[in-house]
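The values are calculated or read from the model by the stated rules, or taken from the named source; none is laboratory data. Please read these numbers as outputs of a predicted model, since none were measured by experiment. All Cβ positions, even for glycine, are placed from backbone atoms using ideal geometry, and neighbour counts span all protein chains on display. Areas reflect the complete protein model, heavy atoms only, side chains present, ligands, DNA and RNA absent. Shrake-Rupley method; radii C 1.70, N 1.55, O 1.52, S 1.80 Å.
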Amino acid sequence: MPRQLSAAEIKAALTEAHGNYRENKDGKNADYIPYLAQVPSGLFGVAVVTADGQVFETGDVRTAFAIESISKVFNLALVMEQIGPVALRQKIGADPTGEPFNSVMAIELHRGKPLNPFVNAGAMATVSLVQAASAEDRWQEMISTMGRFAGRELTVNQEVYTSESKTNQHNRGIAWLLDSYGYMYSEVSSALDLYTRGCSVEITAADLAAMGATLATGGVNPVTGERVISQANVAKILAEMTMNGLYDSTGDWQYKVGLPGKSGVGGGILAVCPGRLAIGAFAPPLDTFGNSVRGQLAAQHLSETLGLNIYVAHDD
Ligand code: DON
């Protein structure tokens, strides 16, 4: 059993994680979505929410940013609740593509099967599986699920949504290619639009930690006390994050951090330590794989300092 962490230990590790990397200037904001290019690169916030609902924050944890690909985790949670993990795995998959998150080649190589719900192809196929009467109802399901994970009502940043909708030609290509192989389960343009809206939802690093803590507890938001998803599905979601959360650098992340994680090109990084806590970090500059540089460093520091790596046997 891992030992119980004290509040003082978590606070100290968080302050260090922020202080150590605050001045790090590596990486570059995403620029293929015009809005993201102009977000101030120096922003940096890190939050931790524990499985018993304690909240720890440092830096720009209340600054809103676009959730981007981290939305894929919560869309997956919604669809898994609706159709079950067996159907999800059969229709989408749980394996790495070994290619970048927006790879067309990966789709061709596997005759249309997206392989996992976190590459753009799999994420759009996942959204196309949301069960509801209309596109608007599907959207309500998606945004309310994200809100229940965060413990507050979330909204779309219209500027991000417009910026992204005008420049998502590549995703449109992916969506139609998926459809040609029979892996789109709703009308194509509505799945693309709902996916894009989901990426444009605004969150903070503090929200992100609460969203992750809801996974760390096995599906109950530890701050609101609401059960958001079933315990059985949480393990499957964490398995997807473990295999595919940081795309083609997920192996490196596991090697260094040892936690299920998920990144977004808005600069957010989520790491979940099952049964214990979640880390939500935000810093816009990304590495070449599309993952926040300072977010990864902060998560690694916290994992090492607090002994969070899930692959390490605990004897204390
Ligand atoms: O579809 C896209 O390209 C973006 N809306 C989201 C991509 C993303 O966040 C990839 N993650 N690192």
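Would you mind pulling out the separation of the Cα centroids of region 129-156 and region 1-49, in Å?
The distance from the Cα centre of region 129-156 to that of region 1-49 comes to 27 Å.
Kindly report the accessible area of the chain per residue (heavy atoms of protein chains, probe 1.4 Å, no ligands, DNA or RNA), in Å².
39
How would you order 90-99, 34-43, 242-251, 205-214 from highest to lowest mean count of nearby Cβ atoms within 10 Å? Write down the numbers at each step before the final one.
On the way: 90-99: 18.0, 34-43: 15.6, 242-251: 21.2, 205-214: 29.5.
Going from most to least packed, we get 205-214, 242-251, 90-99, 34-43.
Report relative contact order for region 157-226 in percent, whole number only (criteria: Cα-Cα under 8 Å, sequence separation at least 6).
Relative contact order for region 157-226 comes out at 30 percent.
If you count, for each residue, the other Cβ atoms within 10 Å and average over each peptide, how do 55-64, 291-300, 132-141 line up from highest to lowest? Show your work: numbers first, answer last.
On the way: 55-64: 18.9, 291-300: 26.6, 132-141: 14.2.
Packing order, densest peptide first, comes out as 291-300, 55-64, 132-141.
Give me the dipole magnitude in Debye, nearest 20, for region 108-236 about the Cα centre, with unit charges on the beta carbon: positive for Lys and Arg, negative for Asp and Glu.
So the dipole magnitude of region 108-236 works out to roughly 380 debye.
Helix 293-306: angle to the longest alpha-carbon principal axis of the chain, degrees 0 to 90, nearest 10?
50
How far apart, in nanometres, would the label points at Glu23 and Met1 be if each is projected 7 angstrom from Cα along the Cα-to-Cβ direction?
Distance between the two pseudo-spin positions: 4.3 nm.
Of the accessible area of the chain, with the probe set at 1.4 angstrom, what percent is carbon plus sulfur?
On the way: 6460 of 12300 Å².
Carbon and sulfur atoms account for 53 percent of the accessible area of the chain.
Test of understanding: extend the Cα→C-beta vector of Ser134 to 7 Å, then name every residue of region 174-217 with backbone N under 16 Å from that spot.
So the set is 187, 190-191, 194.
Nearest 10 degrees, 0 to 90: what angle lies between the long axis of helix 169-180 and the longest principal axis of the chain (Cα atoms)?
That helix lies at roughly 60 degrees to the long axis.
Which part of region 234-253 falls in the paramagnetic zone of Phe289, meaning amide N under 16 Å from the point 7 Å along Cα-to-beta-carbon?
Label zone hits: 240-253.
For Asp95 and Ala37, FRET efficiency with R0 = 30 Å and r from the beta-carbon atoms, rounded to 0.05? Can you show the working numbers first?
On the way: r = 32 Å, r/R0 = 1.08.
Once rounded, the FRET efficiency stands at 0.40.
Pull out the extension gain between Ala12 and Thr224, defined as 0.36 nm times the separation in residues minus the alpha carbon to alpha carbon distance; nm, one decimal. Don't skip to the end; give the middle numbers.
Details: separation 212, 0.36 × 212 = 76.32 nm, distance 2.58 nm.
Roughly 73.7 nm would be gained on extension.
Hey, if you put +1 on the Cβ of every Lys and Arg and -1 on every Asp and Glu Cβ in the chain, which of Leu14, Met142, Asn116 ends up farthest toward the positive end of that dipole?
Asn116
Over what distance in Å are the Cα centres of region 63-97 and region 243-316 separated?
If we compute the Cα centre of each part, the gap is 18 Å.
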